[in-house]
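In what follows, a structure is listed as structure tokens, so that the remarks can point back to it.
Read-outs: derived from the displayed coordinates by stated rules, not from any lab. Values in this document were obtained by computation on a predicted structure and should not be read as measured data. Cβ: placed from backbone, ideal geometry, glycine included. Neighbour counts: every protein chain shown.
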Amino acid sequence: VNIAVLKETQPHECRVALVPSVVPKLTKLGARLHMHTGAADAIRVSDSAYGEVVFMDDRTALVANADVVLCVQPPALDVVDAMKPGAILLCFVYAANEPELVKRLLARHITCFAMERIPRISRAQAMDALSSQSALAGYYAVALGMTHMDRVLPKITSAAGVLGPAKVLVMGLGVAGLEAIATAQRLGAVVEGYDVRPETREQALSLGATFVDTGVDATGKGGYARELTAEEKTKVDAALTKHIQASDLIITTAAIPGKASPKLISRPQVAGMKPGAVIVDLSAEGGGNCEATQPGETIRVGGVTIVAPLNVPSNLGADASELYAKNQFNLLALMLHDNIVTIDWTDEVLAKTALTHDGKLCDAVKTPEHS
Ligand code: NAD
């Protein structure tokens with residue numbers, strides 16, 4: 001089996017889909033590995049660190065012979081057009097944003113496994129790139145927030161007096177939010193967590209944070225949240241305002257699958273925040289959790305700094321690549337047997353992660369569970 005790994009081309013993307021530690025795992029399965037020259041330059045890993053991997057300068061030639069193509073972001077259209085009909089592609093896609101790419105995948109009969117579609121079930125945890133990348137984003141949000149604050153997170157005792165600790169509020173306690181809580185706790189802040197799924201209360205408490213209970217349960221399908229009704233929103237806003245206004249650092253991560261980011265912090269709430277307070281809005285990609293957020297920008301609103309970074313995991317490119325490459329290896333291991341690719345469409349993980357196969361969109365791929 002020939003596997004080709006692309007160099008990422010999107011601006012500010014520092015990750016790479018294969019790291020040296022995963023090379024022996026793939027070769028043990030019989031794979032022959034090819035990579036685009038300088039694919040890991042952004043994380044300062046040289047081509048020579050990849051051992052027996054063959055490097056190629058021309059990306060279309062690279063993918064032309066590949067049975068499997070690996071990358072992080074959706075590939076450029078000319079890459080898909082150069083792939084062998086029937087080849088396999090593994091990457092993040094977010095198909096709703098990529099209509100032209102999906103058309104080409106279908107036309108070329110590419111079997112595309114979209115990493116964001118990995119089901120959130122126990123057996124798929126080792127392949128769950130959304131989780132591995134979100135955890136890093138949650139950690140990074142605290143670090144980023146700190147650099148914009150003009151006060152310390154932990155209690156610091158000096159001969160001149162005692163400082164801190166700062167109050168941190170984490171809103172949205174999925175994978176990223178819980179990692180943000182854990183990080184802020186480790187750094188000595190006083191941390192509160194909030195989510196519309198009451199089961200997150202225990203998770204926040206187990207990390208040493210307190211939980212802001214608004215009395216609203218908006219648990220949706222599959223462990224995700226649903227949108228709040230107008231009445232629930234009013235109730236939540238009233239309960240949250242004093243917590244928002246007491247915070248030195250707020251990290252927001254709230255998301256609802258397939259919807260724009262819910263707005264958790266209104267402009268009047270921002271106006272009432274402490275001067276010097278910082279909001280790190282991790283939901284910028286979906287429009288942001290704060291009404292004043294400008295995705296991709298850092299802005300000042302009165303005395304409050306609102307930071308809304310995009311592609312946060314890329315800021316931790318080395319570690320993000322390490323985890324992503326392992327996620328992809330674990331997914332590939334489900335289909336690589338005796339150096340042959342065989343896709344068992346009755347395997348829930350493969351069936352649900354597949355986006356396109358044999359010229360069709362995979363919601364149409366029938367399996368015993370899906371038919
Ligand atoms: P996500 O990125 O979809 O959302 C982040 C958080 O925002 C969620 O906790 C959600 O409840 C919360 N949220 C949505 N609207 C909100 C609002 N108005 N106010 C406050 N919070 C709001 O979440 P995620 O990190 O992808 O995790 C989603 C679920 O999947 C969780 O239940 C998580 O435990 C579960 N999960 C399971 C596995 C697994 O079993 N393999 C792996 C990862 C995640």
Listed residues 231, 285, 202; largest mean-square fluctuation, Gaussian network over the chain with Cα springs below 10 Å, found at 231
Given the options 283, 206, 134, state which has the largest fluctuation in a GNM of the chain using a 10 Å cut-off (strictly under) for Cα springs.
206
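Inverting the mean 1/r over all pairs of different Cα atoms, compute the Kirkwood radius of the chain and quote it in Å.
22.0 Å
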Can you list, largest first and rounded to whole Å, the semi-axes you get for the stretch 284-324 by taking the square root of 5 times each eigenvalue of its Cα gyration tensor?
26, 11, 6
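In percent, how large is the relative contact order of the stretch 192-304, given Cα pairs closer than 8 Å and 6 or more residues apart?
Computed over the stretch 192-304, the figure is 19 percent.
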Taking every DSSP beta bridge that has both residues in the stretch 184-337, what percent is antiparallel when rounded to the nearest 5?
35 percent
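Once you have the Cα-Cα distance between residue 234 and residue 125, take 0.36 nm times their residue separation minus that, and quote the gain in nm to one decimal.
Full extension from residue 234 to residue 125 adds 35.6 nm.
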Sorting 131, 261 on the 10 Å Cβ count, fewest up front, what's the list?
131, 261
Using alpha carbon centers only, the stretch 290-307 is separated from the stretch 53-73 by a whole-angstrom value of 40 Å
Can you give the relative contact order of the stretch 274-371 as a percent, counting alpha carbon pairs under 8 Å and 6+ residues apart?
17 percent
Comparing 70, 89, 144, which has the greatest mean-square fluctuation in the GNM of the chain with Cα pairs linked when under 10 Å apart?
144
Please tell me the relative contact order of the chain in percent, rounded to the nearest whole number, where contacts are Cα pairs under 8 Å and at least six residues apart.
18 percent
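Return the Rg/Rh ratio of the stretch 62-167 with Cα-based radii and a Kirkwood Rh.
Rounded to two decimals, Rg over Rh is 1.28.
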Quick one: if you take sqrt(5λ) for each eigenvalue of the C-alpha gyration tensor of the stretch 79-230, what semi-axes come out, biggest first, whole angstrom?
40, 20, 13
Would you mind checking which residues have amide H under 5 Å from residue 35's amide H? H placed 1.01 Å from N; only 5 or more apart, or other chain.
5, 54, 55, 56
So what's the stretch 132-195 giving for Cα Rg divided by 2.2 N^0.38 Å, two decimals?
1.16
Can you give me the P(r) profile for the stretch 1-145? Cα pairs, bins 10 angstrom wide beginning at 0, each as a whole percent.
11, 38, 38, 12, 1
